Ligand SMILES: Nc1ncnc2c1ncn2[C@@H]1O[C@H](COP(=O)(O)OP(=O)(O)O)[C@@H](O)[C@H]1O
Ligand SMILES: [Mg+2]
């Protein structure tokens, strides 16, 4: 990949569920280090698009290129390993595991230990465990949850669970982070600090971020560019000022919100 190539290219991507075309011939590119917003009414196809990019479901047609290579037919773990991590609109943590354990479990995608050297307690496995532990604590500290490392995830508030999910995604050392409505369930103050936090991690970890979010001020203030989906179709793409004043977007989405 050259510096000028987009890190992610979505090309004529389509996904149908029976007769419903949830994502309909969508094309756009995301640049390296960009904070890219994805907005649109409920049911517009935003989460389906994330499910396609992260390999959870295959497209009906179309292509996905990551760093210039096709990831269209890859399995989710492979895509995660290549550097695309995500959070979920419906939080998917292991509720009965502690915060720290939730992160360590995610990191196993990058550790070489397998069941055998784990069982045999080989030094290499122990070393990797310690590394995973240290990294997990570091990430909990980053998301402001270090004093609750050993509490069960199910006892956390929505806002804290969302932060924990971000920490878990970061444990994969991603290049792209897909955030599906990370501010849902947060109050205004939490939303503001989340916004600052997203900008901070994008710089600190040299991340490209794709953000699905309904809170319009957050999206407009944070994103370099915004794509608008409506009934599966891409209806607008551009910088926040352009999108905010686009009559088609106001009609389909912003009008209803404001
Ligand atoms: N697994 C599925 N099976 C059937 N229909 C689905 C499935 N996933 C999503 N859909 C439908 O696709 C459309 C887009 O959903 P979704 O991507 O979740 O929208 P958004 O995230 O923008 O609110 C909706 O009409 C939804 O009901
Ligand atoms: Mg959704």
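Assorted remarks:
- Of the candidates 164, 172, 177, 139, the single residue that is crowded, with 22+ Cβ neighbours inside 10 Å and in contact with a strand residue (DSSP E or B) (Cβ under 6 Å, 6 or more places away or on another chain) is 177.
- Those strands (runs of 3 or more DSSP E) of segment 17-81 in which 3 or more residues are away from ligand 2 (no atom under 16 Å from the Cβ), under 21 Å from residue 248 (Cα atoms) and touching a residue at least 60 places away in the same chain (Cβ under 8 Å) occupy 20-30.
- Any chance residue 85 is more than 29 Å from residue 250 (Cβ to Cβ) and either touching a strand residue (DSSP E or B) at 6+ places or on another chain (Cβ under 6 Å) or modelled with pLDDT of 95 or more (or both): yes
- Filtering segment 19-42 to residues that are out of contact with any strand residue (DSSP E or B) (no Cβ under 8 Å at 6 or more places or on another chain) and either at pLDDT 95 or above or not assigned by TED's automatic domain parsing to the domain that holds residue 207 (or both) leaves only 20.
- Candidate set: segment 245-258, residues that are surrounded by fewer than 18 Cβ atoms within 10 Å (Cβ to Cβ) and outside any helix (DSSP H, G or I); chosen: the one modelled with the highest pLDDT: 245
- Residue, surrounded by the most Cβ atoms within 10 Å (Cβ to Cβ), within segment 32-71, restricted to residues that are more than 9 Å from ligand 1 (Cβ to nearest atom) and more than 18 Å from the chain's Cα centre (by Cα): 59
- Residue within segment 188-202 that is surrounded by 15 or more Cβ atoms within 10 Å (Cβ to Cβ), within 16 Å of ligand 2 (Cβ to nearest atom), within 27 Å of residue 67 (Cβ to Cβ) and touching a residue at least 12 places away in the same chain (Cβ under 8 Å) present: no
- Selected residue (only one of 229, 207, 178 is modelled with pLDDT of 95 or more, closer than 24 Å to residue 138 by Cβ, within 16 Å of ligand 2 (Cβ to nearest atom) and touching a helix residue (DSSP H, G or I) at 6+ places or on another chain (Cβ under 7 Å)): 178
The values are calculated or read from the model by the stated rules, or taken from the named source; none is laboratory data. All values derive from a computational prediction rather than experimental measurement. Positions of Cβ are backbone-derived with ideal geometry, glycine not excepted, and every protein chain shown enters the neighbour counts.
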